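No value in this document is a laboratory result; all are computed from the given coordinates. If you're wondering where the values come from, they're calculated on a predicted model, not measured in any experiment. With ideal geometry, Cβ positions are generated from the backbone for all residues, glycine too; neighbour counts draw on all protein chains shown.
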Amino acid sequence: MTLILGIETSCDETAAAVVEDGRTVWSSVVSSQVDLHARFGGVVPEVASRAHVELITPVVAEALVEAGIELRDLDAVAACHGPGLAGALLVGVAAAKGLALAADLPYVGVNHLEAHLHAAWLEDPDLPLPLAVLIVSGGHTMTVVMEDHGRYRVVGQTVDDAAGEAFDKVARHLGLGYPGGPAIDRLAREGDPTAVRFPRAMPGDADFSFAGLKTAVVNHTRREPDTALADVAASFQEAVVDQLVVKLVATADEAGAPVLALGGGVAANSRLRAKVAEAASATGRSVFLPPPSLCTDNGAMIAATAWWRLRADGPTPLDAGADPNLKLT
Ligand code: KG4
Ligand code: ZN
C-alpha cells in the first residue's frame with residue numbers, strides 16, 4: 001500500500017488530501033478563498049498567494065488528522081507544480097518539498113491538467129481506454145484523448161476565453177457575483193434555454209471560442225434590457241454547453257472512445273452533465289461524470305496522479321520549480 005499526500009494551490013483553493021494507491025481517498029480538505037476574491041469579482045493572484053501561505057499548514061494538518069495518520073506514515077508528498085498562478089503554485093510546491101525533506105520522503109510534482117484527468121480514476125478505476133475527456137475550468141477548455149496513463153493527445157483547445165472564464169465574465173455582467181458558474185447554473189434552471197439564440201462558435205472545428213458569445217450576451221442585454229435574466233442565463237449556458245458537447249462527441253468519434261468523461265470546475269454544471277449523458281446514450285456510449293467535489297480543484301486528484309507518476313517516472317528532483325504555463329503534452 002502506498003499513501004500519498006497531495007497538495008493543490010494553483011488558483012484559489014488551498015487543498016490537501018491523502019490517497020491510497022491512486023484510488024482510495026483517506027481524507028480530502030479544501031479551503032476555498034471564494035469569499036476573499038468575491039469583492040474583486042475574480043481571483044487576485046497576490047491575494048491568493050498570501051492566503052495560501054496562511055492556510056497551507058492548517059489544511060495539510062487537517063488532511064493528516066482526518067486520515068488518522070502522521071507525516072512519517074506517508075510514502076510520498078506531491079504538489080501541483082503547474083499550470084496556474086506562479087505565486088500560488090510556489091506555496092504548495094515549497095510546502096511539499098519541505099515536508100518531503102523533513103520526513104525523508106520522495107517529492108512528486110504534478111501537472112494540474114493531468115490531475116483533472118485522473119480525478120475520474122478515483123471514482124471508477126475500471127474506465128475503458130481510450131477515454132474522451134473534456135477538461136473545462138476557469139483557466140482551461142480542452143478535449144483530450146487519454147490513450148493510457150501518461151499518454152494524452154490534446155484534440156481541441158479554446159482560442160480565447162476558457163468556458164469557466166466565460167461563465168464568470170457573463171455572471172459579472174449580469175450582476176450575479178463571483179464565481180459565476182454556480183450562479184448561472186442556479187438561475188438558468190428557472191429560465192428558457194431557447195429564449196435567445198446565441199452563437200455557437202467555430203462549428204466543425206476541434207477548437208473552442210467563447211469571447212464572441214460573451215460579447216453577444218452583453219450586446220443583447222443592452223439592446224433588449226427587458227429579457228428576463230433567467231432566460232439570458234439559460235440561453236447563454238445552452239450555447240456554451242452545446243459547443244462543449246458537440247466537440248466532446250466529435251473527439252470520441254475520432255478516437256473510437258467508448259466513454260465520455262468530464263473534468264474541471266465547469267464539469268459541475270448541471271446542464272452540461274445532463275447533455276453529456278444524453279449525447280452518450282444517443283451515440284451508444286457510457287458516460288463518466290465525476291461528483292462535483294472531484295470536478296473543482298482538490299488535493300485528491302493531485303495525490304492520485306502522483307501515484308501513477310511515481311510508478312512511471314520516480315520522484316521529481318527537489319530543484320525542479322513551478323511552471324505557470326506547464327502543458328499537458
Ligand atoms: O477547476 P476549477 O475549480 O479551477 C480552475 O482550475 O480554474 O474551476 C473553476 C471554474 C470557475 O470559472 C467556476 O465559475 C466554474 O469552474 N464552475 C462552474 C460551476 N461550478 C464551478 N461553471 C458552470 N457551472 C457550475 N455549476
Ligand atoms: Zn482546475
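Odds and ends about this structure:
- P(r) for the range 139-295, from all Cα pairs and a bin width of 5 Å, is 2, 9, 19, 23, 21, 14, 8, 4, 1, 0, 0 %, short bins first.
- Highest average packing first - 307-319, 18-30, Cβ atoms within 10 Å: 18-30, 307-319
- For the chain, share of DSSP beta bridges that run antiparallel, in % to the nearest 5: 60 percent
- Cut-off 15 Å between beta-carbons: net charge of the residues surrounding A230, Lys and Arg +1, Asp and Glu -1: -4
- Percent of C-alpha pairs per 20 Å bin, the chain, short to long: 34, 56, 10, 0
- The range 13-152: antiparallel DSSP beta bridges as a percent of all, rounded to 5: 75 percent
- Normalised per residue, the volume of the convex hull around the Cα set of the range 17-65 (Å³): 89 Å³
- For the range 184-276, a crude dipole built from +1 on the beta carbon of Lys and Arg and -1 on the beta carbon of Asp and Glu, taken about the Cα centre, is about 180 debye to the nearest 20.
- With contacts taken as Cα pairs under 8 Å at a separation of at least 6 residues, the range 241-329 carries a relative contact order of 26 percent.
- 14 Å beta-carbon shell around M202, net charge (K/R +1, D/E -1): -3
- Positive-end residue of T316, Y178, M301, charge dipole of the range 167-322 with Cβ unit charges: Y178
- Each principal axis of the range 174-250 carries a Cα extent, and these read 35, 25, 22 Å when sorted largest first.
- Dipole of the range 87-237 [Lys/Arg +1, Asp/Glu -1 at C-beta], most positive-end residue of L99, T158, A120: T158
- Per-residue ellipticity at 222 nm from helix content only, as computed over the chain with -39500 (n - 2.57) for each DSSP H run of at least four residues, stands at -14500 deg cm²/dmol.
- Sorting 38-47, 149-158 by their mean Cβ neighbour count within 10 Å, with the most densely packed peptide first, gives 149-158, 38-47.
- For the range 94-202, the relative contact order works out to 13 percent when only alpha carbon pairs closer than 8 Å and six or more residues apart are counted.
- Calculated P(r) of the range 153-215 - Cα pairs past 13 Å, %: 66 percent
- Placing +1 on the Cβ of every Lys and Arg and -1 on the Cβ of every Asp and Glu, with no other charges, gives the chain a dipole of roughly 680 debye about its Cα centre.
- Per the Kirkwood formula applied to alpha carbons, the range 1-86 shows a radius of gyration over Rh ratio, Rg over Rh, of 1.02.
- Charge tally for P130 (other residues, Cβ to Cβ under 13 Å; Lys, Arg +1; Asp, Glu -1): -1.
- Stokes-Einstein diffusion for the range 121-186, with the hydrodynamic radius set to the Kirkwood value over Cα pairs and evaluated at 25 °C in a medium of 0.890 mPa s, equals 182 µm²/s.
- For q = 0.17, 0.18 Å⁻¹, Debye-computed log10 I/I(0) when each Cα of the range 1-151 counts as one equal scatterer: -1.01, -1.11
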